[in-house]
Structures are given as structure tokens and as C-alpha cells.
Ligand SMILES: NC(=O)c1ccc[n+]([C@@H]2O[C@H](COP(=O)([O-])OP(=O)(O)OC[C@H]3O[C@@H](n4cnc5c(N)ncnc54)[C@H](OP(=O)(O)O)[C@@H]3O)[C@@H](O)[C@H]2O)c1
């Protein structure tokens, strides 16, 4: 399938070599706001066409799927552009800045019968089922607590602290913790408590989130852009606990008993980078005429985005692109 990349920044640089290594993908076109940048990217990664505007990519009749890889504040507009030209989209996380935007994209894509999905890569990975099967086996008993943290010292990157680009820890990293909790503890949340430290620029620099579930379970999530964390996810039961190394790209799952003895350790299957799974699924869905991915249905994207909306309401964080008249 001929793929187009919209935005030639940091993540596109990382994803492109994976695309080049995938049999089901043809690296077709790269689009940037700058033609020289698009050309350099295309040359570096073996894309056949280079465009100096996103519109030209959307208009290319040969493109079969567009990967949107721009800052958060641009996703809505970029996806609508692609969809309006009849192009299916796989958009980087977070899908949109808020749930209202996500619903509009969902409606627009559905009306045109086009595929749209969030590239929340952990949803598509084999680790998801591995964790699910471990829990279902009963080996740790009844899970009551889930913890997850994801923090990188990347506060110097403009995109992460700029309100105009919808920066902040929650939309960039918190989306992983919330998805980890939702994948393994599901819905049924009764209460959301949080504490936050804001940056001087007015976005969230780090936060702690506690999700209390109606059945008595609890998820405690910490995300931030000021320091490096161990990126672990843990789930605790009455017969033991499991530890996931790196909730951002799980590498292995270790299971311990109540005496901290290691019972089992599962490594994830050999992967190119981990990005291949989301693209493989998008290609399969489009070929099968499906508009949504079963791994990351838009209703799930919207549910997580609503959680982020609610957290931002607690913190009084509104992005400039959400203000009336913008
Ligand atoms: N899945 C993952 O592991 C992962 C990792 C990192 C980031 N991400 C996600 O990927 C997306 C992009 O992140 P990134 O780190 O790649 O961002 P980035 O390098 O700062 O920007 C990506 C590209 O967006 C384009 N762009 C369009 N409008 C822009 C504007 N107003 N300001 C700046 N750039 C603009 C630029 O491409 P052109 O100049 O070519 O137009 C830029 O190079 C985000 O949604 C982020 O959350 C995902």
C-alpha cells in the first residue's frame, strides 16, 4: 500500500526506516511545509515523491494511506484535509486536542466511508494480549491496583512546552498511562483525582492521576517532562503482581508471587521497532474495507480524550486553539 507521510519531524524520522522494512508498505510520498525538507526526507528514506505542502500530498491520487505526524494542535486540521480528499488516516497520538474534535473527525470519516485511527502504538502490539492473558490466567489473583509512569527530561523541546502546539505532559505522555489503564482495567471509573505542576509557559509539566473504579480497584499514573522515570507499569493482585518494562514500548512482562519470587518472564516477540503493528493493522483494515481498527476503535480514542479533557478542566488548562474564534 502506498503511504504518504504528513510532517517530516522527529517521529517521522523514527518511523520511516520501519516503513521501509515492511513488505506491505510502499514508501510513496513525504510532505513538509518546506519542499527542500520534504525532498531531503524522501531521499533519506526512499520515498518516491516529495511535496512542499500538505495539500499536495492529500491531492496525490496514488496515496492510499496518510500518516499524520505533526504537533498535537495540527492533527484535527491535517486529518480533515486528508479525509476531505478521500484519504484514510492514521494519526499520531493524541488523535486530537479534545474529544469534540475527535468526534468531528469520526463523523466526517464515517460519512465518507474512510478509515481513521489513532497511532497509539501500544494498542496494536502483542504485549497487550500477553498482559491480558497473564491477568486472565489468574496467576496474580484478583488485580486491585495498577500503576504506570512515563516521564522523560524533554522539557527543552519547544513542542512540549508550547501551549500553541498543545504541549504538556498529559497529551504527550499521559495518553500512554491512560491507555495502559484502560487496556488492562477497562472502564467503570467512579472518580478521577489529580495533582499537577505547571510549566512557566502554562502547560502541565508533571502530574499524578488516580482513577478510582466502581468495583474498588485503583490506577495511579504519573507523567512528566522534567525527569526520566523507569517507565514501568505494574498490576497488583492478591496472589502476586506483574511488572511491565516500559509502558511506552513494552519489552517484557515479569510475574512475581507474594514473596517476590519471579514466577514467569515473557519477552515480547522480535520486532522491527514496534511501529510496524499499527501500520500493518491500518493496511489490513483498509484492504478489508473496514473504517476502524478493532485495536484502537475511535470510541476508545474518544473515551481517553474525554478523560484528558476532564483532567485539563481540573487544572484550568485550555489551549489557544480551543478558544472561541480560533
Ligand atoms: N509514537 C511515538 O513513539 C511518538 C514519539 C514522538 C512523538 N509522537 C507524536 O508524533 C507527533 C509529532 O511529534 P514530533 O516529536 O515528531 O514533533 P516535531 O518533530 O516537533 O514536529 C513534527 C513536524 O510537524 C510539522 N509541523 C506542522 N506544523 C507545525 C508547527 N506549527 N510547528 C512545528 N512543526 C509543525 C513539521 O514538519 P514539516 O516541517 O515537515 O512540515 C514538524 O517537523 C505528536 O503527535 C507526538 O505526540 C509519537
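Miscellaneous remarks
- Distance between the modelled labels on residue 314 and residue 271, one decimal in nanometres: 2.8 nm (7 Å Cα→Cβ projection).
- Protection proxy ranking, peptides 271-282, 17-28, average beta carbon neighbours within 10 Å, highest first: 271-282, 17-28
- Expressed as a fraction of 2.2 N^0.38 Å, the C-alpha radius of gyration for region 66-159 is 1.40.
- Where Rh is the Kirkwood radius over Cα pairs, Rg/Rh for region 28-99: 0.96
- Additional length obtainable on full extension of the chain from residue 2 to residue 212, 0.36 nm per residue less Cα span: 71.2 nm
- Angle in degrees between helix 276-287 and the longest Cα principal axis of the chain, rounded to the nearest 10: 60 degrees
- Size check on region 126-268: the Cα extents along the three principal axes, sorted descending, read 46, 32, 25 Å.
- In the chain, the longest principal axis of the Cα atoms and the axis of helix 126-136 are about 20 degrees apart.
- Across region 199-295, Cα-Cα pairs more than 21 Å apart make up 59 percent of the total.
- As a length-normalised measure over Cα pairs under 8 Å and 6 or more apart, the relative contact order of the chain settles at 18 percent.
- Distance histogram in 5 Å bins (all Cα pairs of region 258-312, percent per bin): 4, 14, 14, 13, 14, 14, 13, 10, 3, 1, 0
- Over all pairs of different C-alpha atoms in the chain, the reciprocal of the mean inverse distance, the Kirkwood hydrodynamic radius, equals 20.3 Å.
- Against the chain, whose longest principal axis comes from its Cα atoms, helix 10-20 is set at around 80 degrees.
- FRET efficiency for the residue 258 to residue 197 pair, using the beta carbon distance and R₀ = 41 Å, is estimated at 0.70.
- Our summary gives region 126-268 a relative contact order of 30 percent, counting only alpha carbon pairs under 8 angstrom and 6 or more residues apart.
- Max-minus-min Cα coordinates of region 1-154 on each principal axis give 56, 35, 33 Å, with the largest extent listed first.
- Relative contact order of region 3-104, pairs being alpha-carbon contacts under 8 Å that are 6 or more residues apart, as %: 26 percent
- Among 173-181, 50-58, the order from most to least packed when residues are scored by Cβ within 10 Å on average: 173-181, 50-58
Any read-out appearing in this document is the output of simple, stated calculations on the displayed coordinates, not a laboratory observation. What you see is a predicted model; the values in this text were computed from it and never measured. All Cβ positions, glycine included, derive from the backbone under ideal geometry; neighbour counts span all protein chains shown.
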